[in-house]
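**Q** Next up is a structure, given as structure tokens.
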Amino acid sequence: MHIATATILTILVALSGAPAGAADKYPQKPVRLVIPFSPGGGTDLLARAVSDRLTEVLGATIIVDNRAGAGSTIGTAQVARAAPDGYTLLFTSASYTFAPNFYRDLPYDPIKDFKPITMFGSLPNVLVVHPSMPVKSVKELLALARKQPGEIHYGSAGRGSNVHLTTELFLYMAGIKMTQVPYKGMGPAQIGLISGEVQVLLPAFQSIFPFVKSGQVRALAITTKQRSPLLPDLPTLDESGVPGYDKSAWFGLFAPAAVPEPVITRIYQAVAKVLKDPEIVKRLAAEGAVARGEPPAEFDAFVRAELATWAKLIRDMKL
């Protein structure tokens, strides 16, 4: 009787300690951070800006792994199928909330197959044009587009990407037409703009900022209702002829749905600590980004709301 009781107690103690044990043992090997875009875009740059510090805080090497294609859905699907042990994570952009409403037969479910961990940061997009374009303001661009409907080409990081949908929203609200040229990521799209292959681009602030400063592209407006302190003279779209436009790029961390909650908590705590580091906050601010770090439940609510918002917008835009 005593032996049986002791055995039962041992099992109960082991079971009750299992979740904590999972967090205590994590991490024991490198963590792969899958970015579903090519190198050089906003998502990639932000991930690399914090990866070294996150390696120190989490206690595991962070391996950035770019898996571009199909508007972020290829890399995202790979993480959905990964072992749910916390060693394969998804670092993605707002395109996470576009794709489910844009692609048919998506190979993953954004709600059922993932656990949102936290938002890393947010920043505005910037409307830029090739210097050869005979426009120096949004109003001049709108006037030209109305004279030449569909003749101006804009670049995107792929169909269903953040740049694609935010540009289409701009065109929809402005009542103009342009032709999309999809690339496999923002890096190639920026090269397309600089080379003159496309004339218009709406990328995240930090990825295009160096080219704006160097004069290789011309900035016309910013996408948030507040101007950026890094380019205080650059007007917003809202005040430049597209009233009500207010969208920002955001970047968040997700894990496969079956990753144990203690491991999710361990990852979140490490990321939150990194995002409170004054040096990281300063580094992100220098690129036009705001460090965030919402708890998992709050980020989950945000993602669900964005999915619903973009579902309606995509229907309204007939995409």
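**Q** For ALA143 and SER214, what is the calculated FRET efficiency with R₀ set at 35 Å and r taken between the beta-carbons, to the nearest 0.05? Present the calculation step by step, with values, prior to reporting the outcome.
**A** Values: r = 27 Å, r/R0 = 0.78.
FRET efficiency, ALA143 to SER214: 0.80.
**Q** What number results when the radius of gyration of region 149-238, computed over Cα atoms, is divided by 2.2 N^0.38 Å?
**A** 1.03
**Q** Still on this model: Indicate the gyration tensor shape class of region 42-95 (rounded, prolate or oblate), computed on the Cα atoms with a ≥ b ≥ c the square roots of the eigenvalues: a/c under 1.5 is rounded; otherwise a/b larger than b/c is prolate and the rest oblate. Provide the component values of the computation, followed by the final result.
**A** Working: a/c = 2.69, a/b = 1.32, b/c = 2.04.
Oblate is the answer for region 42-95, as a/c is 1.5 or above yet b/c matches or exceeds a/b.
**Q** What is the Å³ per residue value for the convex hull set by the Cα atoms of region 165-319?
**A** Values: hull volume 22.4 nm³, N = 155.
For region 165-319, the hull spanned by Cα atoms encloses 144 Å³ per residue.
**Q** When the Cα centres of region 245-319 and region 157-200 are compared, how far apart do they sit, in Å?
**A** Result: 23 Å between the Cα centres.
**Q** Something else now. Where does the charge balance sit around GLN226 when Lys and Arg score +1, Asp and Glu -1, over other residues with C-beta under 10 Å from its C-beta? Intermediate results must be reported in sequence, preceding the final value.
**A** Details: positive: LYS225, ARG227; negative: ASP238, ASP246.
Here the charged neighbours net out to 0.
**Q** Here's something else I'd like to know. Which of VAL259, VAL212, THR224 sits farthest toward the positive end of the charge dipole of region 147-283, with +1 on the Cβ of Lys and Arg and -1 on the Cβ of Asp and Glu?
**A** So the residue furthest toward the plus end is VAL259.
**Q** Counting only other residues whose beta carbon sits under 12 Å from that of GLY69, what net charge do I get with K and R as +1, D and E as -1? Don't jump to the answer; show the numbers that get you there.
**A** Values: positive: ARG67, ARG159, LYS184; negative: none.
Result for the neighbourhood of GLY69: +3.
**Q** Follow-up. Given a 1.4 Å probe, how much area per residue of region 137-196 is accessible, in Å²? Show your work: numbers first, answer last.
**A** Values: 2440 Å² over 60 residues.
About 41 Å² of surface per residue is accessible.
**Q** Let me ask something else. Give me the number: length gained by fully extending GLU197 to GLU56, i.e. 0.36 nm times residue separation minus the C-alpha to C-alpha distance, one decimal in nm. List each step's numbers first, then the result.
**A** Details: separation 141, 0.36 × 141 = 50.76 nm, distance 4.15 nm.
Working it through step by step, the gained length comes to 46.6 nm.
**Q** Hey, what's the Cα Rg ratio for the chain versus the globular rule of thumb, 2.2 N^0.38 Å? Present the calculation step by step, with values, prior to reporting the outcome.
**A** Details: Rg = 21.7 Å, N = 319, 2.2 N^0.38 = 19.7 Å.
Against the compact-globule rule of thumb, the ratio is 1.10.
**Q** When the C-alpha atoms of region 80-223 are aligned to their principal axes, what extent does each axis show, in angstrom, from largest down?
**A** Principal extents (Cα only, largest first): 53, 32, 22 Å.
**Q** Report the full-extension gain for the segment ASP316 to LYS273: residue separation times 0.36 nm, less the Cα-Cα distance, to one decimal in nm. Mind showing how you got there, number by number?
**A** Details: separation 43, 0.36 × 43 = 15.48 nm, distance 4.01 nm.
Here the answer is 11.5 nm.
**Q** Take the chain, connect every pair of alpha-carbon atoms lying under 10 Å apart with a spring to form a Gaussian network, then pick out the residue of ARG218, ARG146, ARG104 with the largest mean-square fluctuation.
**A** Fluctuation is largest for ARG104.
**Q** What does the charge count around LEU313 come to, taking other residues whose C-beta lies under 14 Å from its C-beta (Lys +1, Arg +1, Asp -1, Glu -1)? List each step's numbers first, then the result.
**A** Working: positive: LYS247, LYS312, ARG315, LYS318; negative: GLU168, ASP246, GLU306, ASP316.
Around LEU313, the charge tally is 0.
The values are calculated or read from the model by the stated rules, or taken from the named source; none is laboratory data. As the structure is a prediction and not an experimental result, all values here were calculated from the model. Ideal geometry is used to build each Cβ from the backbone, glycine not excepted, and the neighbour counts take in all protein chains shown. Side chains are part of the model used for accessible areas, which takes the heavy atoms of the whole protein and leaves out ligands, DNA and RNA. Shrake-Rupley method; radii C 1.70, N 1.55, O 1.52, S 1.80 Å.
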